[in-house]
Amino acid sequence: MFRFGVDYYPEHWPESRWERDAQLMQEAGFNTVRLAEFAWSRLEPAPGHFDFDWLDRAIAILQARGIQVVLGTPTASPPPWVMAMHPDAYRVPESGLPVTYGNRRGYCPTHDGYRARSRLVTQAMATHYAAHPAVIGWQTDNEFGDRCYCAHCCAAFQAWLQKKYGALDTLNAAWGTIFWSHVYTAWTQIPAPLATAAPFGDGSHNPGLALDYYRFMSDCYVAFQHEQVEILRKACPVHFITHNLMGIGYDRLNYFDLAADLDFVSWDNYRRMQWTFQPTVPPSEAALAHTAMRGLKHKNFWVMEQQAGSGGWQIVSVAPRPGELQLWAYQSIAHGADAIIFFRWRTARFGTEQYWHGLLEHDGRTSRRYAEIKQMGAEIARVGAQIAGSEVRAEVAMLLDYDSRFAFQIQANNPAFHYTAHVHDIYQAFHARNVAVDIISAQDDFSRYKLLIAPAHYVLTEQTAAAITRFAQQGGAVVVTPRTGVKDETNTIVDVPLPGYLAKLCGIEVEEYDSLPAGVSQPLAFTNADIDITEAPHAKIWCDVVRAVDAQVVARYTQEYYADSPAITLNAFGAGHAVYVATFGDAALYSALAGWLLKLAEVEAMAASPAGVECCVRWQGGRRLLFVLNHSTEEQHVVLPETMLNLLTGETTPLSAVELRPRQVMILAAPSGDGR
Ligand code: GLA
Ligand code: ZN
C-alpha cells in the first residue's frame, strides 16, 4: 500500500476543529498521519501521570475517516519539568556552554536520568497503543544527532575507550599521544574534544581522539534509540519502527548504524528553507539525498516530512511555485519513497515554527497548496498500488563513509573541500545522464554492481581495501579520488605511499601533493581518445602528483611544476579496471569521465532526456515504471525507451514520445505486464 499523508499536531488546535481537519485530510486522499512526536507535555503532564485520552480521541476521529497513524516518541522535546528534575541533563555543545531551556534537542543522550524518563514515556505509549487497530508504527524521537561534550558524556567516552582499547598503552600507541606529551596514564585524564581546549576548533585535538569521540557520540544516539526500539518491539511486535533522518547533508551521526535498528528509513525532505535562502535545493542534490537514504538499508524509504509550503522560522523562504510541491513529492517517489507524509497540516499560529507553512493557512483555510496536493492524492489513489514496493535498481555504486566524514570534520585538508559536495559533483554527472546510482557503505556486497566509486575514502581499512580490490579482480571497474587511503582507522596516516592500501590496485604512487588556493584551477590535457569532451575539464582544490607504476595515463596536468605528470590513470587489474582521478575536478571533468566510465563498465542509462528533465525507473518485477520529471519551467520533449502508457492520466493509447508542461511529472509503463 502506498502511504500518503501528513504530519498533524491536534494538540495545537481546539478539539472542535479536529473533525473538520480529518474530513479535509480524507478529501485530500490521505491514508496516514504522524502524531504526537512533540506532545510529551500533554502525554505526561507530570512525572508518571499519563494522559492518552486526548490522543485516543484524535486517533478515533482519524480512524473513522479511514486514516491510520504513526506515533512519534516525544523525547526530542522534553517538557520543563523533565529538565528541572535533571538540571545536569542539558546538552553541552562543542563551545562548552550548556544549552538552556527553550528550544528542542536540548538533552544529553547519555544522561541516565533522561534515558530513564525516555524509557518510561516510551513504555507507557507502547503499552497503551500496542493493540490499537489504527496505529501502524512508530517514529523514534526526531532528527537525532547533536553532539554533547558534558561531564557525563566525557565519563562515558572514557568507559567506551576502555572497552575498545583494553589498555592505555594500546590507546596511547593508536593515537600517537607521544606527540606533545599527551601520554595518558589514567582513563579519567582523557578529555572530550571541546573547542575550549583547542584555539582552532576540534582540528587542534589529537586526530585519533577526536575521531573516536565522534564515533562514540554516534554510538550514544544509536544506543539511546536502541532502548526505545527494544521497548517498542517487545510491546508492539506488529508495528514498524522508523526514524526521520536528515538526508546526506547531516554528518554528526553514522546513519548506517542508526538505520540498522529500524524496519525502514524515513527522512525529511525540504527543498527550500529559511537558512539556505536560495531558490531551491537543485534536483540532483535532492536525488542524491534520496539515494543515500535508500542505500542505508537497500530498501525503499518513507519521506516523513515532505515540504508543504514555504519553510521558515525567522525568515520566510520563497513560496513553492504552482506544481513544485507535487514535482518534489513525485521525485521522492521516483527515487524509492513508498510513503509521502507532508509537513505539516496546518501552519502553526504560535511557537518557533510560525512561518513553516503547512497545507492549511494559519486561519485554517485550505490553500492553493492543499488543492495541488489533493490533486496528487487522486493520482496516488490511481497508481499508488502499482508503485508501492517497486524497486530502484542500479549498476553503479558510490561509497559513503562516515569515518571519513568525521575525519574531514577534524582536518578539512583544504578549506574548499567538502566531502558531500565532492560526492555530489561525481553523482551529478551520472544523474544528468539518467543513470541510477546506489550510495552504499564499505561493508556492503559490491558484487551486484559493475562500477564502484570510492570518493575521497580518507579513512580506509585494510578490509575495505581488500574488498574493493577483489571487486576489480573479479571484473568490476573502480574509481578512486584524492585523499583516499590517507588514514587508518585510528586516524593515523599510513606509512606506505598513497593511495595506501589501494596503490597496487590503481597501479600508481602519489609522490607528493599540492593543496590549491581558492579559485585556482588548471585545464587538463586528455591523452585517451575514448573520452568525449564537450567542455574543457579543469583540476581544482587538490592535485596529487602521481607516478604511474603500471597504469596508463588518461589525462595530464598542464601547469605548475607537475605539468605533464598524470592527472587521471587507468590500470587493468585482474578481470577489471581501476581509475585514479588525482584531482578534484569541475563539472566538465566529471561529465567527461562519467560518459567514459559508463562505456568502460558497460552500464546503460534509463532513458535519454534534455537538460532539466530527470528520468528514473522503479521496477515492479520485470515491468519498469518510468518517472519523467520536468524540473524546468519550459515545455520539454522526451523520446521514450519503448512505447508506454501514461499511468497518471490513465490514457490507453501507447506513446513513443511525450511532451511535458513546465514542472509536469509523468509515470509511464509498458502496456503489457512483463515488457522490459
Ligand atoms: C524538521 C523537524 C520538524 C520541523 C521541520 C521544520 O525537519 O523534524 O519537526 O521542525 O524541520 O523546521
Ligand atoms: Zn552529554
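The values are calculated or read from the model by the stated rules, or taken from the named source; none is laboratory data. All of these numbers come straight from a predicted model, not from anything done at the bench. Because the Cβ atoms are built from the backbone with ideal geometry, glycine has one as well, and the counts that use them run over all protein chains shown. The protein model used for the area step is the full one, side chains on, heavy atoms only, and it has no ligands, DNA or RNA in it. Shrake-Rupley method; radii C 1.70, N 1.55, O 1.52, S 1.80 Å.
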Checklist line | Reachable aspartates and glutamates, given that their alpha-carbon falls under 12 Å from the alpha-carbon of LYS299 and they are not under 8 places away in the same chain | finding: ASP263, ASP338, GLU391, ASP438
Next item on the list: With N set to the residue count of the stretch 209-327, report its C-alpha Rg divided by 2.2 N^0.38 Å to two decimal places.
Entry: 1.21
Notebook entry, point to check: What is the Cα centroid distance between the stretch 15-47 and the stretch 170-190, reported in whole angstrom?
Noted result: 53
Next item on the list: Would you be so kind as to identify which of THR291, ALA36, GLN463 lies farthest towards the positive end of the dipole of the chain, taking Lys and Arg as +1 and Asp and Glu as -1 on Cβ and the Cα centre as origin?
Entry: ALA36
Note to self: Placing +1 on the Cβ of each Lys and Arg and -1 on the Cβ of each Asp and Glu in the stretch 191-319, which of SER218, GLN228, HIS239 has its Cα farthest towards the positive end of the resulting dipole?
What the structure shows: HIS239
Next item on the list: Using just the alpha carbons, could you tell me how many Å³ per residue the convex hull of the stretch 613-653 encloses?
Entry: 94
Check: What is the stretch 604-662's relative contact order, in percent, from Cα pairs under 8 angstrom and six or more apart in sequence?
Finding: 30
Next item on the list: Using per-residue counts of other Cβ atoms within 10 Å, averaged over each peptide, order 159-170, 244-255, 466-477 from highest down.
Entry: 244-255, 466-477, 159-170
Item checked: Share of pairwise Cα separations in the stretch 434-546, more than 16 Å, in percent -> 66
Check: Leaving out ligands, DNA and RNA, what percent of the accessible area of the stretch 151-210 is carbon and sulfur, probe 1.4 Å?
Finding: 65
Check: When only alpha-carbon atoms count, how far does the stretch 172-273 stretch along each of its three principal axes, as whole angstroms with the largest first?
Finding: 55, 38, 21
Item checked: Accessible area of the chain divided out per residue, in Å², using a probe of 1.4 angstrom -> 37
Check: Looking at the P(r) of the chain, how many percent of alpha-carbon pairs lie beyond 37 Å?
Finding: 42
Next item on the list: Could you order peptides 54-62, 107-115 by the average number of other Cβ atoms within 10 Å of their residues, highest first?
Entry: 107-115, 54-62
Checklist line | Antiparallel bridges, percent of DSSP beta bridges restricted to the chain (to nearest 5) | finding: 55
Next item on the list: Quick one: plug the Kirkwood hydrodynamic radius of the stretch 451-490 (C-alpha pairs) into Stokes-Einstein at 10 °C, 1.306 mPa s, and report D in µm²/s.
Entry: 155
Next item on the list: First compute the accessible area of the stretch 396-601 with a 1.4 Å probe, then give the percent of it belonging to carbon and sulfur atoms.
Entry: 48
Next item on the list: Return the inverse of the average 1/r over all pairs of distinct C-alpha atoms in the stretch 151-210, which is the Kirkwood hydrodynamic radius, in Å to one decimal.
Entry: 11.8
Next item on the list: Would you kindly state how much longer the chain becomes between THR643 and THR127 on full extension, computed as 0.36 nm times their sequence separation minus their alpha carbon distance, in nm to one decimal?
Entry: 180.5 nm
Next item on the list: Kyte-Doolittle cut-off -1.0, length cut-off 20 Å along the helix's own axis using Cα: show which whole DSSP H helices in the chain pass.
Entry: 112-129, 151-165, 207-235, 368-387, 587-601
Next item on the list: For the stretch 100-255, would you read off the P(r) tail past 29 Å as a percentage of all alpha carbon pairs?
Entry: 30
Notebook entry, point to check: When the Kirkwood radius is taken over all Cα pairs of the stretch 396-601, what Stokes-Einstein diffusion coefficient follows at 20 °C and 1.002 mPa s, in µm²/s?
Noted result: 129
Notebook entry, point to check: When you count, for each residue, the other Cβ atoms within 10 Å and take the mean per peptide, how do 74-85, 361-372 rank with the highest first?
Noted result: 74-85, 361-372
Check: Assigning unit charges at the beta carbon (Lys, Arg +1; Asp, Glu -1) and nothing else, what dipole magnitude in debye, to the nearest 20, does the chain show about its Cα centre?
Finding: 1380
Check: In the chain, with Lys and Arg counted as +1 and Asp and Glu as -1 at Cβ, which of these residues, PRO517, GLY106, GLY384, has the Cα nearest the positive end of the dipole, that is, farthest along it?
Finding: GLY384
Item checked: Charge dipole magnitude, Cβ of K and R +1, D and E -1 - the stretch 1-156, Cα centre, debye nearest 20 -> 180
Check: What does the charge count near MET246 come to, summing +1 for each Lys or Arg and -1 for each Asp or Glu among other residues with Cβ under 11 Å from its Cβ?
Finding: -3
Notebook entry, point to check: Quick one: what does P(r) look like for the stretch 1-101 with 10 Å bins over all Cα pairs, in whole %?
Noted result: 14, 38, 25, 16, 7, 0
Note to self: 5 Å is the cut-off here: which amide hydrogens, built 1.01 Å from N in the peptide plane, fall below it relative to ALA555, excluding neighbours closer than 5 in sequence?
What the structure shows: THR527, ALA567, ILE568
Margin query: I'd like the distance separating the alpha-carbon centroids of the stretch 525-592 and the stretch 296-338, in whole Å.
Written below: 37
Item checked: Distance in nm between pseudo-label sites at LYS299 and GLU361 (7 Å out along the Cβ direction from Cα) -> 4.2
Check: If you average over every viewing direction, what projected area does the convex hull of the Cα atoms of the stretch 134-173 give, in nm²?
Finding: 5.0
